[in-house]
Amino acid sequence: MRFLLVLFILSFFPVHAQNLDVTSGAVAIDDGYTYLVTNKEPFPVTVKLDLKPNNLKVNTSKRVFVVPANTENFEILQMHMIKRDTYGYKASASYLIGNQTQEPLDFLYHLPYARTASYRVSQGNNSSSTHRGKYAIDFSMPTGTPVHAARGGLVIAVREDQSLGCTKPKCLEYANYIKILHKDGTIAEYTHLMVNGSLVRKGDKVNKDQHIGYSGNTGWSTGPHLHFTVYRPEFSRHNRTIPVRFWLGNSVAVNELQENRHYRKP
Ligand SMILES: [Zn+2]
């Protein structure tokens, strides 16, 4: 026997993530709701649910979930009526690219250009200029220099339609880039690429050392260079850049590249 239940909150409440093709919402079941996420992106997403149930018992204490790539109606939790009375909930969901429930692995990155090539680090980690408070490396190189993946992963974003660059912050939005998601949830960003300078597309798998594009001088830039950074998306902050170690051949690895030194890729 069913009781008439009065719902004070809309039962399906799709939430669109900023720039991500992800929706989530609850669907009514006999005595409550099941909360579903549809992820149409080619990469997993991490979902954080802020949930305020009313007269509903939630079947898990978890509020952060990983939803696989290209998955429809992935159930993350259920809510069931506690006592026979009205019930409902309020919810808001936020999303991050990748599985962000894991810690970054210690990984030896390769220099992001061709083997035997050598380029100067024009700006290192946390320098006084545009890298203040950030882990990022600028490699000075002429426009059109082949850029290679420093680590394998999945291409999550590409922009290559811009040809503008200038030395002012107002040009920031004109940067071309390739972003690659690694299996530990970190993301590498290769920035200032030349117009039409990408050889990969969103959804492509790339291997370490694969030629992925061509450097340039687009965006906010004082001269042709490649800006390379690795970060981890977080719910609390936009991006947390992380220090990376580089492999320089045989048993040589460095924790940090030094400004104004040239580094030859083995
Ligand atoms: Zn930079």
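The values are calculated or read from the model by the stated rules, or taken from the named source; none is laboratory data. On a predicted model such as this, the values are computed, not experimentally measured, just so you know. We place every Cβ from the backbone using ideal geometry, glycine too, and count neighbours over all the protein chains shown.
Of the set (1) within 16 Å of the ligand (Cβ to nearest atom); (2) at pLDDT 95 or above, all apply to residue 200 but (1). One residue stands out among those in region 203-245 that are aromatic (Phe, Trp, Tyr) and more than 16 Å from the ligand (Cβ to nearest atom): the one that is farthest from the chain's Cα centre (by Cα), which is 214. Remark: pairs (first residue in region 187-198, over 15 Å from residue 220 (Cβ atoms) and among the small types (Gly, Ala, Ser); second residue within 16 Å of the ligand (Cβ to nearest atom) and assigned to a loop (DSSP other than H, G, I, E, B); Cβ separation under 7 Å; 6+ apart in sequence or on different chains) = 188/150; 197/176.
In region 81-102, how many residues are farther than 19 Å from residue 233 by Cα and either under 37 Å from the mean Cα position of the chain (by Cα) or not basic (Lys, Arg) (or both)? Going through region 81-102 one residue at a time, the tally reaches 9. Does residue 74 meet the test of being touching a residue at least 24 places away in the same chain (Cβ under 8 Å) and either surrounded by fewer than 18 Cβ atoms within 10 Å (Cβ to Cβ) or under 18 Å from residue 231 (Cα atoms) (or both)? Against the criterion (touching a residue at least 24 places away in the same chain (Cβ under 8 Å) and either surrounded by fewer than 18 Cβ atoms within 10 Å (Cβ to Cβ) or under 18 Å from residue 231 (Cα atoms) (or both)), residue 74 qualifies. Counting only residues that are surrounded by fewer than 22 Cβ atoms within 10 Å (Cβ to Cβ) and either at positive phi or not assigned by TED's automatic domain parsing to the domain that holds residue 235 (or both), region 186-203 holds 2 of them. Taking region 98-139 as the range and being acidic (Asp, Glu) and surrounded by fewer than 19 Cβ atoms within 10 Å (Cβ to Cβ) as the test, the residues that pass are 103, 106. Taking region 29-70 as the region of interest, the strands (runs of 3 or more DSSP E) fully inside it that hold 3 or more residues being more than 15 Å from the chain's Cα centre (by Cα) and farther than 16 Å from residue 94 by Cα are 32-39, 56-58.
When you check residue 180 against the structure, is it of a type in the set (A, V, I, L, M), within 26 Å of residue 67 (Cα to Cα) and either more than 16 Å from the ligand (Cβ to nearest atom) or modelled with pLDDT under 95 (or both), yes or no? Yes.
Picking from residues in region 236-254 that are outside any strand (DSSP E or B) and of a type outside the set (Lys, Arg), the one that is surrounded by the most Cβ atoms within 10 Å (Cβ to Cβ) is 244.
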